[in-house]
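Accompanying notes for the structure given below.
Please treat every number below as a calculation from the coordinates, not as lab data. Note that the structure is predicted; figures quoted are calculated from it, not measured. Neighbour counts are summed over all protein chains in view; Cβ atoms, including those assigned to glycine, are modelled from backbone coordinates with ideal geometry.
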Amino acid sequence: MSADPVVYCLQELTDYVQLERLCADIMNMSGYAGIEPIGGAKDKGRDALHRAVVDGKTSIFAFSAREDWRKKLESDAAKVKDHGHACDRFVFVCTSPFTANERDKACDFVKAQFGWDLDLYGIERLAMLLRTTCERVVANHQGIFSPPWFPSAGGLSLALSNDHVVIDHVDDDTPFAQWLARRLLLEGYRVWCRGLAPLAGTSVADSVREVIRQRAHRVITVLSPAAARDANISARRTTAHEVGRLRKEAIVIPAYIKDFNIDGIDADTKALAPADFRGSWAAGLRTVLASLAASACPRAEKASGAAAASYMTESLVVMEPEPLYSNAFRIQRIPEEFLVTELDKDVPTDFRDLEQAWGYRYLGPKRVISFLPAPREVRQAFGVSTVKHVPRERDGSVEGVRVFDLTKELLRATVQAAFLQRKLRCCRENGDIYFPQGLLGNEALSVNAVDGDKTWFSVVGERTYRNGSKFRYHLAPVVSVKSRPQAGPELLLRIRLHLTELDGSKLDTKKIPSRRKALCANWWNDKWLIRTLGMMQFLADGGESVVLGEHPNQVVIDTWPRAWQAPARLKEEAIDVATAELQEEQSDRHDDDDDDDVDSSYGTSSTSQASGS
């Protein structure tokens, strides 16, 4: 065993995630401020990317705990070059020892082979930094520098690093202390609170004193009648005052939460301006935050999701722009008038065949209102007596219906009828409009994707469930219209799944959720986007826009959805790793066939993944 505890702990380090975090912290304090970790299984040879500010050079980092450090160095450098990453300096950090001659040979190799400068860190160089300029890093990596070589108290390493807000209190004041601790955590401060610390089996007084000496940036002492009478908390305040005198600064913040006899506390504490919580906890909190800010107390960004972040081994967000596509399509043109049509024959309210040919609203036995004129098949079947043209005003009503509501209803009905006119079918039981079997060659619909590539997807298919039973799915477009005051009306298009038995009969309602989840397990946003685009391009018949009707009674809709430019994107590599882990976990499960206890209507849309809406 090494006589140096730092060297020993580095030698025993095998967890790559811990190594990467440790090395990133060391590099950040060693002239590479702002190092950006991008590590992971699919990082294309990069463990971290750093654009140096001092000399303007781009540095690529690789970290390794392997003994064959030279072989790993050459492999990682080759990957960086093969992927064409910009690099002026290659920084290789490892936990292996090497001689001066080996170091020089490695530097010469990288310079000759790749043209880069090499900054090489071995175990002795890392240990020297951790004992000197990077000493405070040790305290933040308790999983590496652990007992018995590095003692701890109350769940904190006792390696020197004055970076915590320590909250000390008596038992009676635990609810307040825990509230304050959580509020400061939400503000990004590192907080140690006696009421939340793992102190069972240890001396509370000794543990708190050691945490104050080694880790406290500021000590908040909660004062109340019970605290004023407690000799132990008084002794710990004395320790905090002594630490402050050594640092030549006051580190104690008295927090008054109840009225008490101030004569019962020590003179050093009485001389300090308190944070007064007696009238208002919010006012007291503002005083504490102002004091911490004035003392430059270390803090991270505000993050209410800090608890969730502790489970992430890798950041899922990359600060690079990315387009975001919706399922909303701008309606370019709407007819300026409504058509109120008098028919020769009565139209039953549940007559679906008329809806398949025409988008309208039923007004009475022989009266309907629409945007488009009655098509030929409707005129032949029912006859048309008169057509009244009613201007579409911005406000007001027509036939007792608000123009705003009537416009949205007729737009939806017109687009829905357009799908039916293109030979989609309507389910009599639930109203799903779906692609029937045999409508398209190979049951596939081609589509121009947002990146310009041409691809395709199936509109009808068969699947085998895990119990061996088979079922058929049909894609079913669902149309709705929303209207915004500034942007005008937009068409919203969602994709449902119409599920049936192989003979086309209704699938048992209890089976629908489990089949739907199995089918859409890997349908992420890109899959839903392709299908949404395909539906609109299908309506457009190869045109630039969806054009329904003839001028002036014409509805025109964009075939490309509304899109935005986001300043950051999700890191697909990290998501791939998480997906693989999830699939591995799911493969170990053995669910019963039809034990879904979900109340679902027949053919509802999948909710197993994001649908892009």
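Observations, loosely collected:
- Expressed as a fraction of 2.2 N^0.38 Å, the C-alpha radius of gyration for region 5-140 is 0.98.
- For region 435-475, the dipole from Cβ point charges (+1 on Lys and Arg, -1 on Asp and Glu) about the Cα centre works out to 280 debye, to the nearest 20.
- DSSP-assigned coil residues among GluC sites (Glu not before Pro) in region 492-562, each with at most 12 further Cβ atoms within 10 Å: Glu544
- Diffusion constant of region 167-264 at 20 °C, which comes from Stokes-Einstein with the Kirkwood Cα-pair radius and 1.002 mPa s, µm²/s: 156
- ³J(HN,Hα) computed for each position of region 395-407 - Karplus, 6.51 cos²θ - 1.76 cosθ + 1.60, integer Hz, glycine/proline x: 10, x, 9, 9, 6, x, 10, 4, 4, 4, 5, 5, 4
- Local net charge near Asp4, Cβ-Cβ under 15 Å (Lys/Arg +1, Asp/Glu -1): -1
- Neighbour-count ranking [beta-carbon atoms within 10 angstrom, fewest first] of Arg229, Arg237, Arg466, Arg89: Arg466, Arg229, Arg89, Arg237
- Overall dimensions of region 149-212, expressed as equivalent-ellipsoid semi-axes from the Cα gyration tensor (√(5λ), whole Å, largest first), are 19, 16, 8.
- Region 458-536: C-alpha gyration tensor shape, a/c 1.5 cut-off, then a/b vs b/c: prolate
- Residues of region 139-161 with amide N under 17 Å of a point placed 7 Å along Cα→Cβ from Leu199: 152-158
- For region 182-225 and region 469-545, distance of Cα centres in Å: 55
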